[in-house]
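The values are calculated or read from the model by the stated rules, or taken from the named source; none is laboratory data. Note that the structure is a prediction, hence the values are computed from the model and not measured. For neighbour counting, all protein chains shown are included, and Cβ atoms are generated from backbone atoms with ideal geometry for every residue, glycine included. Protein only, heavy atoms only, side chains kept; ligands, DNA and RNA dropped before computing areas. Shrake-Rupley method; radii C 1.70, N 1.55, O 1.52, S 1.80 Å.
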Amino acid sequence: MTGKRLIVVEDEAPLRDLYARALEQAGYQVRTAGGALACRRLLREAPADCLLLDIGLPDLDGLSLAREFSDTPGLGLIIVSRRDAAEDRIAALELGCDDYITKPVHLGELCARVMAVLRRRSPRRRLALGPFRVDLEAHTVTADGVEAPLTRGEFAILALLIAAGGKVVAREALFERISRKPDEGDLRTVDILISRIRRKLAGAPGGDRLIVTAPGFGYRTGLEAVAC
Ligand code: CA
């Protein structure tokens, strides 16, 4: 989750700095804006993963700004406001905001809520391929609810094949992923790992289609991955 880009929009400089410092310490890249115009400018310069919006801003209120950006793909919206009336919360949710935090803000809670919003919005974190569920963060594969004991290398290969979205991945590329020293070793290591993955997942229906061999070239997934 680290490295995600946030913009804190808050006209009170001490609060702005306080939030920014806490979020930076939590591993986020944080830019700050004192108002709506500055926020728009920052978004034109570079995209963000989540906006933290105060409602009471000097130039345009935070809810209007949220409305403006509610259709932006991949952009999380969190209102951080002193207002705690139900109407404001409802308005924010109806606009498509992901969360509403009331001031005074507990910094630990702020970071946790940001993380939760980003996690919910994070695309393709959990995938379904036929009977398999693949969690790309937890590095687990389950077949019909039973976790397959894949090693780190086996999972890395499977994740690379899934990321290729059904396109063939060359054995060399797979080997590079698992070997710290790509010059050393043997491409057959890849074939061995693939056969181990297949063996571990063979019991599930459709297991034989999870990894398809492209003879003389590499491998691909034969099952479509959908977010779940
Ligand atoms: Ca304010």
Please give the helix 107-121 orientation as an angle from the longest Cα principal axis of the chain, in degrees from 0 to 90, rounded to the nearest 10.
50 degrees
Which residue, chosen from 69, 142, 32, occupies the Cα position most advanced towards the positive end of the dipole of the chain, where the dipole is computed from +1 (Lys, Arg) and -1 (Asp, Glu) charges on Cβ about the Cα centre?
142
The chain - percent relative contact order, Cα under 8 Å, separation 6 or more:
14 percent
In degrees rounded to 10, the 0-90 angle between helix 36-45 Cα long axis and the longest Cα principal axis of the chain is 30 degrees
Residue by residue through segment 208-222, the couplings from Karplus 6.51 cos²θ - 1.76 cosθ + 1.60 with θ = phi - 60°, in Hz, x for Gly and Pro, are 6, 9, 4, 10, 10, 7, 9, x, x, 10, x, 9, 8, 8, x
Over segment 86-197, what is the relative contact order in percent, taking alpha-carbon pairs closer than 8 angstrom and at least six residues apart?
13 percent
Residues of segment 5-121: accessible area per residue at 1.4 Å, in Å²?
48 Å²
For segment 5-121, the accessible surface attributable to carbon and sulfur atoms (probe 1.4 angstrom, ligands and nucleic acids excluded) amounts in percent to 51 percent
Using alpha carbons only, how many angstrom separate the centre of segment 185-199 from the centre of segment 51-103?
50 Å
Skipping prolines and chain starts, which residues have an amide H placed within reach, meaning under 5 Å, of the one on residue 30, given they are 5 or more residues away or on another chain?
6
Would you list, by chain and number, the aspartates and glutamates whose Cα falls below 15 Å from the Cα of residue 167, excluding same-chain residues fewer than 8 positions away?
224
Tell me which trypsin sites (Lys or Arg not before Pro) from segment 145-221 have a DSSP coil assignment and no more than 10 other beta carbons within 10 Å of their own.
180
One would report the antiparallel percent of DSSP beta bridges in the chain, rounded to the nearest 5, as 55 percent
Nearest 500 deg cm²/dmol is fine: what mean residue ellipticity at 222 nm does the chain get from its DSSP H runs of n ≥ 4 alone, each adding -39,500 (n - 2.57), divided by its residue count?
-12000 deg cm²/dmol
log10 I(q)/I(0) for segment 5-121, Debye formula on C-alpha points only (no solvent), q = 0.20, 0.21 Å⁻¹, two decimals, reads -1.08, -1.21
With charges only on Cβ, +1 for K and R and -1 for D and E, what is the dipole size of the chain about its Cα centre, in debye, rounded to 20?
880 debye
Please state the relative contact order of segment 42-109 as a whole percent: Cα pairs under 8 Å, 6+ residues apart?
31 percent
Compute the acute angle (0 to 90°) between the alpha-carbon long axis of helix 13-25 and the principal axis of greatest extent of the alpha-carbon atoms of the chain; round to the nearest 10°.
10 degrees
